[in-house]
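Everything on this sheet refers to the single structure shown next.
Just so it is clear, none of the values below were taken in a lab; they were calculated from the coordinates. Everything quoted here is computed from the prediction, not taken from an experiment. Glycine gets a Cβ as well: all are built from the backbone with ideal geometry, and neighbour counts include every protein chain shown.
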Amino acid sequence: MKVHFKIVYLIGFLLLSFVLMLVSGLEGGLPTQTIREKIYLPIERLQSARFHLQGWLTGLIINLQENRKLQEENRLLKRELAELEFREKNYYQEIIASNQRLKKMLGFKEEHTLQLLPVEVTAYPPRSFFKVVFISKGKREEMKKNMVVVNAEGLVGRIVEVYPHQSRVLTILDERSKVGVINQRTRDLAILRGKELEGVCELQYLLGKASIEIGDKVVTSGVGGLFPKGILVGTITHIRKNPHRLFLEVQVTPSVNFGRLEELFVIKE
Amino acid sequence: MKKLAVFAILTTIAFVLEVTVVGGRGIGWGRPDFLLILVVVWGWERGWKEGLLVGFAVGLLNDIFFSPLLGLSAFSLSLVGYLSGEIRERVYEENVVLLLMATGACSFLDGFTLSLLSFLFHFSSPVLGKLTYLILISALYNCGLAFLIFVVRGFWKGRMY
């Protein structure tokens with residue numbers, strides 16, 4: 001009798017949780033995100049406090065060894081270098097490739113210059129399989145949903161939630177993330193999807209006849225208008241052809257080292 | 001009333017530790033899970049019923065602030081709280097090895113349940129691929145923390161009597 005009571009109790013709670021999941025997973029279900037954006041302030045404050053404390057302690061240790069002025073100069077130079085590196089790896093390479101192609105077509109298209117706003121990673125969410133990060137700028141700094149986030153190495157992700165002083169970024173490693181990409185060499189279009197814990201991404205909807213090779217660079221295609229064209233995403237590291245399937249199974253290793261995210265840029269066009 | 005106050009204080013501490021200590025750990029690193037530890041220890045100390053209740057409440061709080069799906073952590077932590085209390089009922093309470101084993105089992109159960117539910121709700125790929133490095137590392141961290149709490153608790157009780 002007691003065992004039955006236990007089981008009923010347990011199943012009751014599990015069912016309640018499951019119903020909550022079903023309802024909040026529905027389109028127009030529970031407005032969890034809206035509620036969170038309104039009540040997130042205490043967590044935001046804690047995350048900021050931790051971030052500033054960490055920064056302060058790091059600075060204190062460095063200052064014991066180095067001159068403060070040199071440190072500031074170094075920080076600014078690093079930021080400038082990261083911006084230049086990003087432009088060189090993503091923007092300029094793509095310009096060269098586009099230029100060659102366009103020259104052949106005797107047409108010229110003027111590219112927009114990307115405006116990069118420096119931000120820092122303030123925190124990672126607790127007990128989460130979902131690959132999101134929090135950045136140091138929010139609504140007050142004119143951050144908006146779907147703004148693209150990059151670093152010197154390439155594409156990081158896009159903003160999915162905006163709080164007063166912070167924003168939540170969904171990285172390309174998350175399985176909910178989908179990015180329109182193109183093979184820089186062969187110009188084959190595909191969709192890039194994250195594979196979470198494996199730390200890689202996969203290309204979807206790439207036809208079996210595509211002539212891709214291991215080592216090919218993958219950049220954003222610009223299709224859909226969410227991600228600007230030409231941002232480096234990663235390199236193809238594994239290709240599997242299945243004769244029974246229409247599409248190739250392709251693995252892409254991101255160019256960004258997600259284990260060490262520090263200074264990022266938000267693209268503001 | 002006193003119990004509720006203790007719960008509120010411990011939950012706040014666990015959340016603060018999660019946001020401040022764990023929040024600094026980057027993607028791809030194993031992390032300790034203070035919320036899970038709170039639920040395991042509560043279930044261990046107070047039995048399956050309170051473990052289940054505390055697991056549900058703590059999980060729901062985590063979902064409100066961090067999860068894309070309300071009820072995700074509530075589901076897994078309810079199970080964890082129940083399991084912890086259930087194990088405690090069947091074994092000798094003061095055995096540290098059993099507490100560590102229970103913590104390890106609860107960590108795995110939590111990781112497995114989260115993976116399975118994420119897969120069911122189309123947030124991630126199949127489950128087996130997830131039972132890897134990170135869950136193991138997190139389980140080790142959690143066991144370490146549980147050991148520390150056991151030692152502190154033993155010291156505290158020794159002082160009390």
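Which residue fluctuates most in the GNM of chain A (Cα springs below 10 Å): A:E37, A:E249, A:E72?
Highest fluctuation of the listed residues: A:E72.
I'd like the FRET efficiency for A:E80 and B:V96, computed as 1/(1 + (r/R0)^6) with the beta carbon distance as r and R0 of 35 Å, rounded to 0.05.
Values: r = 54 Å, r/R0 = 1.54.
Approximately 0.05, to the nearest 0.05.
Rounded to the nearest 0.05, what FRET efficiency do A:R68 and A:R260 give with R0 = 35 Å and r taken as the Cβ-Cβ distance? Could you check?
Details: r = 24 Å, r/R0 = 0.70.
For A:R68 and A:R260, the calculated efficiency is 0.90.
Would you order A:I159, A:I96 from fewest to most other beta-carbon atoms within 10 Å of each residue's own beta-carbon? Walk me through the intermediate numbers first.
On the way: A:I159 21, A:I96 10.
With the sparsest Cβ surroundings first, the list reads A:I96, A:I159.
Can you give the longest run of chain A that contains no chymotrypsin sites (Phe, Trp or Tyr not before Pro) sitting in a DSSP loop with at most 13 other Cβ atoms inside 10 Å?
Details: sites that count: A:F108, A:Y205.
By the stated rule (loop sites, at most 13 other Cβ atoms within 10 Å), A:1-107.
Defining a contact as two alpha carbons under 8 Å apart and six or more residues distant in sequence, what relative contact order in percent does chain A show? Working shown, then result.
Details: 461 pairs, mean separation 44.8, N = 269.
Computed over chain A, the figure is 17 percent.
What is the spin-label model distance, in nm, from A:H238 to A:I95 if the labels are put 7 Å beyond Cα along the C-beta direction?
3.7 nm
Based on the alpha-carbon gyration tensor of chain A and its eigenvalue square roots a ≥ b ≥ c, which shape applies: rounded if a/c is under 1.5, prolate if not and a/b is larger than b/c, or oblate? If you can, show how the numbers build up before the last one.
Details: a/c = 2.02, a/b = 1.16, b/c = 1.74.
Taking the square roots of the gyration eigenvalues as a ≥ b ≥ c, chain A is oblate.
Calculate log10 I(q)/I(0) of the range B:32-156 for q = 0.10, 0.21 Å⁻¹, where I(q) comes from the Debye formula with a single equal point scatterer on each Cα and nothing for solvent.
Values returned for q = 0.10, 0.21 Å⁻¹ are -0.29, -1.17.
Can you sort A:C201, B:C143 by how many other beta carbons sit within 10 Å, fewest first?
Working: A:C201 26, B:C143 20.
Fewest to most other Cβ atoms nearby, the residues stand as B:C143, A:C201.
Report the local net charge at B:M101: Lys and Arg +1, Asp and Glu -1, summed over other residues whose C-beta lies under 13 Å from its C-beta.
On the way: positive: B:R88, B:R90; negative: none.
Overall, the nearby charge balance is +2.
Can you give me the relative contact order of the range B:32-156 as a percent, contacts being Cα pairs under 8 Å and 6 or more apart? Mind dumping the intermediate values first?
Numbers: 183 pairs, mean separation 33.2, N = 125.
The value is 27 percent.
Could I get the Rg over Rh figure for the range A:178-254? Both from C-alpha atoms, Rh via Kirkwood, rounded to two places.
Using only Cα positions, Rg/Rh for the range A:178-254 is 0.94.
Full extension from B:K49 to B:E89: what is 0.36 nm times the residue separation minus their Cα-Cα distance, to one decimal in nm?
On the way: separation 40, 0.36 × 40 = 14.40 nm, distance 1.13 nm.
The B:K49-B:E89 span can extend by a further 13.3 nm.
Could you tell me the relative contact order of the range A:178-254? Use alpha-carbon pairs under 8 Å, at least six residues apart, and round to a whole percent.
Values: 182 pairs, mean separation 23.4, N = 77.
Worked out over the range A:178-254, it gives 30 percent.
Please compute the modelled spin-label separation between B:M1 and B:L136, points set 7 Å along Cα→Cβ, answer in nm with one decimal.
5.1 nm
Using label points projected 7 Å from each Cα along Cα→Cβ, tell me how many nm separate B:H122 and A:Y9, to one decimal.
For the pair B:H122/A:Y9, the computed spacing is 3.7 nm.
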